[in-house]
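**Student:** The structure's right below; bear with me while I get my questions together.
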Number of protein chains: 2
Amino acid sequence: MREGLMMDDYPLSLTRIVERAEQFSPGRRVAFRRPDGSVGHTSFGEGIARARRLASALAELGIGAGDAVATLLFNQPEHLELYFALPAMGAVLHTLNPRLHHEELSFIVNDAQDRAIIVDETLLAVFEAFHPARSFEHVIVVRAGDDPLPEGYVDFEALIASAAPMSWPAEDELRAAAMCYTSGTTGRPKGVVYSHRALALHSLMGALPDLMDISRRDVILPVVPMFHANAWGLIYTAALIGSGLVLPGPRLDAESVLDLFESERVTMSAGVPTVWMAILQALDAEPDRWDLGSITRMIVGGAAPSKGMMRGFDRHGLRLIQGWGMTETSPLGSVSRPGLELEDASEEELVDDRVRQGIACPLVEIRGRRDDGELIPWDDAAMGELEVRGPWVARAYHGGQGADKFTEDGWFRTGDVVCINALGNLRICDRSKDLIKSGGEWISSVDLENLLMSHPDVAEAAVIAMPDERWGERPLAVVVVRAGATVEADALREHLAREYAKWQLPDRFEFVSEIPRTATGKFKKTALRELFVSQTV
Amino acid sequence: MREGLMMDDYPLSLTRIVERAEQFSPGRRVAFRRPDGSVGHTSFGEGIARARRLASALAELGIGAGDAVATLLFNQPEHLELYFALPAMGAVLHTLNPRLHHEELSFIVNDAQDRAIIVDETLLAVFEAFHPARSFEHVIVVRAGDDPLPEGYVDFEALIASAAPMSWPAEDELRAAAMCYTSGTTGRPKGVVYSHRALALHSLMGALPDLMDISRRDVILPVVPMFHANAWGLIYTAALIGSGLVLPGPRLDAESVLDLFESERVTMSAGVPTVWMAILQALDAEPDRWDLGSITRMIVGGAAPSKGMMRGFDRHGLRLIQGWGMTETSPLGSVSRPGLELEDASEEELVDDRVRQGIACPLVEIRGRRDDGELIPWDDAAMGELEVRGPWVARAYHGGQGADKFTEDGWFRTGDVVCINALGNLRICDRSKDLIKSGGEWISSVDLENLLMSHPDVAEAAVIAMPDERWGERPLAVVVVRAGATVEADALREHLAREYAKWQLPDRFEFVSEIPRTATGKFKKTALRELFVSQTV
């Protein structure tokens, strides 16, 4: 073999990204909302100077290379400082989702062997609920007011004030930089352990024009929490590229977010569909209240947005762009943007394209596989479980759990059931566990839900599988009627029958006031299944 | 150390990029101009299918892993096929610049130990001039017509027709993928050996919004030759992203290029200032002849463009964007784009910013160093030699030549003398060997040249150092007067005196009809120095 003679040992690491921001964008603004609602401003330079002191202080507390440190924080400057400090000092940033059940959190902090935890004072109640399960060596609190801290807790600010800045240690791109647990709707949470290499590459890739299209001229407001898969990569991408950041803190209601969009001249944002739905409703109610002229696009992910939501934002001159990904994919796997081939497409064709999950990111490979092990053709009709591989995809979970999620030839099994068109554009039909397997055929619950939600009288709809002696499983639709409207099962069945064969239609329609959701905002189908199965029996 | 659990052994390789294009963009169009002037069309899919057959045929001829294969070709489909085939089969793509002197080419093909060469038939005369110096095992000719080939030469098309498609071998990201020799104005050419890792990362980075901003909606026409530092990365970036390509072949005159811009609906292009100067003249002469509405930006690099050229294109609604790089940096080192801080800048401030060399690419580090070894402050006043490091920067030359170009602590010495402003934005003042060192102070030849060329009666100007007993060196200006104009030395001295101190002004002005240029279009200052020193003596 003839070797290249380039600087191939130059590490792909988050340390390089932190130093990049410090050197090239020290003055770039970071705006943030405090718990009391007021807005403050800091900068990358200031944040990284504090991160260097924080790292020294943590090292003095005994936190060393490879040690996991948990965070129970919102999108706030202290979280940003930990995003910088922990990976750069060689430790592991472990973000916790405060919306999880305390038993899940107990399991997670023990599984990760977190040695210390940093908690926002307003989340102390959440912390206290799982605290007894884990003896943290250090509990560090970001204080919201001046009340004295309970004994044994360390003040985050006092820690920073006490220490000298750290010179970052030498890097290794294979070293763990961060951890995040999947909050699956079934099974125990599983830990994803991000390497520096994976996150550095993901940061570069995420800024591409066909992905999130991020430049030095952007001001980014991640509504997506920093405890959700690295806030979809936006934090490190902003630091690498030199974009401004706006951190909304705990207030994620539509009005608070829209106020920040306007006052901070935000150019791009990202969040889950429920967030955007609330924002759309606020805009519909007061279309002239906010000047959103600075915004050029908003990424929606975590669950599929409806055409209606996209069209709703179009009416306000705002562009919703869909991304797909998972905690296991760092998380960006694909983004849906029209290619050259849609240059002359109609508005209707464009919307059809926009609700697809899009083309896999550069360097990410995809394939679909059926139950019998065969790969599906890229004909947009065959359904199979999506498998992916690439430099920012997990190769295993922490502690070797969930080994069945990885194929023998080294692909990650996403659990999403997809069709793939001839251009490699993904369309998620369902989660494999939510598919309805009726008489040997698959029925997509997601497709039925989307069509149901396009009915003017339906606010929300979930379709679940009911056990059936003859067919194995049959679909049941759970419907929330729009406020002030009334609708009957027959009308909905008729609505669906325009696009579906008779055998694909739900046998039952149940009307409820609310569909239960998981901590990450997804329909809690396990709960629905239990509810209606027990009602049947 | 705690290791990450991501797919960190997933290779960053050009093979992945070739497979990406094959899978996701097989139908993406590649337009090309034949030597006879006609325009043809092929696609990535077709090109890669041919590349797989070509690779098998080359393997049958004995070309194996690590073997260098030379190309003497224009921007044409066969060159594209070799860009795909050679790195993916594990061999090394070695592009030759046909404009070099035959003695340089003799040296280069022997230094690289090229085992085979692929020559365009119209370049056979160039080949014959250095052929005797190297016993190639195989000479493969891309034929322009139907004339029988001289004995011993292999027909490129016959080779492809004879072979079955190759399945690419397993990759190693550290393996050499390509070679390119620097055509320095002094010293022997030195070989840069690109690794797969460096070029894969460069391909990803080059598409960023702050760099070349390349998406699946782009149609790219590289005027920059494919034998110049990977055509600035555009070929592999287009394959990775899925952009269309337009290959202009040997015809790089303004009319031919502008015709392709229009007919192929090109969205971006890239080339050296002399190319753009000719194109600007053609547009000025016939402003309404071409519909260039599809073009959104044009990259200029290889030498600094003048403000006049930028403003000239502005008048036609076309945007020239400057990049800086070297063969040793793969080649993109920086691109000049306005940041958030220039949001409210005047047109004049924006042009001042655009003629700077810009912010270093993400993951590229820069520093400036004085003769005495001290690093310069980022104050835009201190001058120092630019040193860089990063994942796509050379760590050595082939055969260990030019070891003095690399510092002990692992940085590459560019030979460019720069100022750096507080934002990390570069301004190249000179090549270190072209600086005039007068009485212990540095005078930038480039700055004097630019100011001279802003005089309405000056077409071109070069400033060189003349040996001086008292001061060490003193500046001499070589001027080409604009056609139809007349100007005297005193008027030019007065023009310069508005911005320069007396001791910085040239002592002599020499008027010539033409300034000699190197094969890559740069002023041949060594030749000028020899000419005028001998005249002085």
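The values are calculated or read from the model by the stated rules, or taken from the named source; none is laboratory data. None of these values were measured; they are calculated from a predicted model. We place every Cβ from the backbone using ideal geometry, glycine too, and count neighbours over all the protein chains shown.
**Student:** Of everything in region A:340-351 that's more than 23 Å from A:T274 (Cβ to Cβ) and more than 14 Å from every other protein chain (Cβ to nearest Cβ), which residue is surrounded by the most Cβ atoms within 10 Å (Cβ to Cβ)?
**Tutor:** If we filter region A:340-351 for residues that are more than 23 Å from A:T274 (Cβ to Cβ), which is where we start, we get A:340-350.
Filter once more, so that each one left must be more than 14 Å from every other protein chain (Cβ to nearest Cβ): A:346-349.
Details: A:S346: 9, A:E347: 9, A:E348: 9, A:E349: 12.
Applying the filter and picking the extreme gives A:E349.
**Student:** Quick one: in region B:187-208, of everything that is at the interface with chain A (Cβ under 8 Å from one of its Cβ atoms) and assigned to a loop (DSSP other than H, G, I, E, B), which residue is surrounded by the most Cβ atoms within 10 Å (Cβ to Cβ)?
**Tutor:** The qualifying residue surrounded by the most Cβ atoms within 10 Å (Cβ to Cβ) is B:A207.
**Student:** Taking A:W290 as meeting all but one of (1) at pLDDT 95 or above; (2) over 29 Å from B:Y10 (Cβ atoms); (3) touching a strand residue (DSSP E or B) at 6+ places or on another chain (Cβ under 7 Å); (4) not basic (K, R), write down the number of the exception.
**Tutor:** (3)
**Student:** For A:K433, indicate whether it is among the charged types (D, E, K, R), under 20 Å from A:G325 (Cα atoms) and within 14 Å of chain B (Cβ to nearest Cβ). Don't jump to the end; show me each part of the working.
**Tutor:** Working: among the charged types (D, E, K, R): yes; under 20 Å from A:G325 (Cα atoms): yes; within 14 Å of chain B (Cβ to nearest Cβ): no.
Spelling it out, it is not the case that A:K433 is among the charged types (D, E, K, R), under 20 Å from A:G325 (Cα atoms) and within 14 Å of chain B (Cβ to nearest Cβ).
**Student:** Just to be sure before I move on: is A:D253 surrounded by fewer than 24 Cβ atoms within 10 Å (Cβ to Cβ), away from chain B (no Cβ under 14 Å), modelled with pLDDT of 95 or more and under 24 Å from B:E343 (Cα atoms) in the structure I sent?
**Tutor:** no
**Student:** Just to check your reading of the model, which residue among A:E387, A:E374, A:E328 is free of Cβ contacts under 8 Å to residues at least 12 places away in the same chain and either within 13 Å of chain B (Cβ to nearest Cβ) or surrounded by fewer than 15 Cβ atoms within 10 Å (Cβ to Cβ) (or both)?
**Tutor:** Details: A:E387 fails: free of Cβ contacts under 8 Å to residues at least 12 places away in the same chain; A:E328 fails: free of Cβ contacts under 8 Å to residues at least 12 places away in the same chain.
Within the list A:E387, A:E374, A:E328, the selection yields A:E374.
**Student:** In addition: Read through the list (1) of a type outside the set (G, A, S); (2) modelled with pLDDT under 95; (3) surrounded by fewer than 15 Cβ atoms within 10 Å (Cβ to Cβ), then give the number of the only condition that B:D379 fails.
**Tutor:** (2)
**Student:** If I filter region B:21-42 down to residues being touching a residue at least 40 places away in the same chain (Cβ under 8 Å), within 12 Å of chain A (Cβ to nearest Cβ) and in contact with a strand residue (DSSP E or B) (Cβ under 8 Å, 6 or more places away or on another chain), which single residue comes out as surrounded by the most Cβ atoms within 10 Å (Cβ to Cβ)?
**Tutor:** Per the stated criteria, the residue is B:F24.
**Student:** If I go through region B:486-506 residue by residue, how many of them are surrounded by 14 or more Cβ atoms within 10 Å (Cβ to Cβ) and not small (G, A, S)?
**Tutor:** Of the residues in region B:486-506, 9 are surrounded by 14 or more Cβ atoms within 10 Å (Cβ to Cβ) and not small (G, A, S).
**Student:** State which residue is nearest to the other protein chains (Cβ to nearest Cβ) when the search covers only region B:393-407 and only residues that are assigned to a loop (DSSP other than H, G, I, E, B) and within 10 Å of B:K190 (Cβ to Cβ). Break it down into steps so the answer makes sense when it comes.
**Tutor:** Within region B:393-407, the subset assigned to a loop (DSSP other than H, G, I, E, B) is B:393, B:395-397, B:401-402, B:407.
Now narrow it down to the ones that are within 10 Å of B:K190 (Cβ to Cβ): B:396-397, B:401-402.
Values: B:A396: 5, B:Y397: 7, B:Q401: 11, B:G402: 11 Å.
Among those residues, the one meeting the criterion is B:A396.
**Student:** The conditions are (1) more than 10 Å from chain B (Cβ to nearest Cβ); (2) touching a residue at least 60 places away in the same chain (Cβ under 8 Å); (3) part of a loop (DSSP other than H, G, I, E, B), and A:L159 fails exactly one of them. Which is it?
**Tutor:** All conditions pass for A:L159, except number (3).
**Student:** Given the conditions (1) more than 14 Å from chain A (Cβ to nearest Cβ); (2) closer than 30 Å to B:K522 by Cβ; (3) not in a helix (DSSP H, G or I), which single one is not true for B:F130?
**Tutor:** Single failed check for B:F130: (3).
**Student:** Name the residues in region B:162-183 that are within 12 Å of chain A (Cβ to nearest Cβ) and touching a residue at least 24 places away in the same chain (Cβ under 8 Å), would you? Step through it out loud before you land on a result.
**Tutor:** So the first thing to find is which residues in region B:162-183 are within 12 Å of chain A (Cβ to nearest Cβ), and the list is B:169-180.
Matches in region B:162-183: B:P169, B:E171, B:D172, B:E173, B:R175, B:A176, B:A177, B:A178, B:M179, B:C180.
**Student:** May I pose another question? Step by step: first the residues of region A:363-392, then only those that are assigned to a loop (DSSP other than H, G, I, E, B) and within 19 Å of the chain's Cα centre (by Cα), then the one that is farthest from B:A239 (Cα to Cα). Which residue is that?
**Tutor:** A:W392
**Student:** Within region B:462-477, restricting attention to residues that are of a type in the set (G, A, S) and buried (at least 17 other Cβ atoms within 10 Å of the Cβ), which residue is farthest from B:D430 (Cα to Cα)?
**Tutor:** Ranking the candidates gives B:A477 first.
**Student:** Is it true that A:D288 is without any contact (Cβ under 8 Å) to a residue 24 or more places away in the chain, closer than 30 Å to A:V418 by Cβ and either away from chain B (no Cβ under 14 Å) or in a loop (DSSP other than H, G, I, E, B) (or both)? Explain how you work it out, then say what you get.
**Tutor:** Values: without any contact (Cβ under 8 Å) to a residue 24 or more places away in the chain: yes; closer than 30 Å to A:V418 by Cβ: no; either away from chain B (no Cβ under 14 Å) or in a loop (DSSP other than H, G, I, E, B) (or both): yes.
Answer is no for this residue.
**Student:** Another question, if that's okay. Tally up the residues in region B:209-236 that are more than 14 Å from chain A (Cβ to nearest Cβ) and at positive phi, please.
**Tutor:** Count: 2.
Yes/no per residue for (1) under 26 Å from the mean Cα position of the chain (by Cα); (2) closer than 21 Å to B:M179 by Cα; (3) surrounded by 17 or more Cβ atoms within 10 Å (Cβ to Cβ):
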residue	(1), (2), (3)
B:H101	yes, yes, no
B:I117	yes, yes, yes
B:V126	yes, yes, yes
B:P132	no, no, no
B:P150	no, no, no
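**Student:** While we're here: Just one of A:R337, A:R297 is closer than 29 Å to A:F32 by Cβ, within 14 Å of chain B (Cβ to nearest Cβ) and in contact (Cβ under 8 Å) with a residue 40 or more places away in the chain; which is it?
**Tutor:** Of A:R337, A:R297, the one residue that is closer than 29 Å to A:F32 by Cβ, within 14 Å of chain B (Cβ to nearest Cβ) and in contact (Cβ under 8 Å) with a residue 40 or more places away in the chain is A:R297.
**Student:** Related question: Is there a residue being assigned to a strand (DSSP E or B) and in the same structural domain as B:N97 (by TED's automatic domain parsing) anywhere in region B:253-269?
**Tutor:** There is at least one residue in region B:253-269 that is assigned to a strand (DSSP E or B) and in the same structural domain as B:N97 (by TED's automatic domain parsing).
**Student:** Out of A:G66, A:G62, A:G90, report the one residue that is modelled with pLDDT of 95 or more, under 30 Å from A:E137 (Cα atoms) and touching a Pro at 6+ places or on another chain (Cβ under 6 Å). Give the steps one after another, and end with the answer.
**Tutor:** Details: A:G66 fails: touching a Pro at 6+ places or on another chain (Cβ under 6 Å); A:G62 fails: touching a Pro at 6+ places or on another chain (Cβ under 6 Å).
Matching residue, one of A:G66, A:G62, A:G90: A:G90.
**Student:** Could you list, in sequence order, the residues of region A:43-90 that are under 23 Å from A:V126 (Cβ atoms), within 14 Å of another protein chain (Cβ to nearest Cβ) and part of a helix (DSSP H, G or I)?
**Tutor:** Going through region A:43-90, the residues under 23 Å from A:V126 (Cβ atoms) turn out to be A:54, A:58, A:61, A:63, A:67-83, A:85-86.
Narrowing the set further to residues that are within 14 Å of another protein chain (Cβ to nearest Cβ) leaves A:63, A:67-69, A:86.
Within region A:43-90, just A:L86 meets the criteria.
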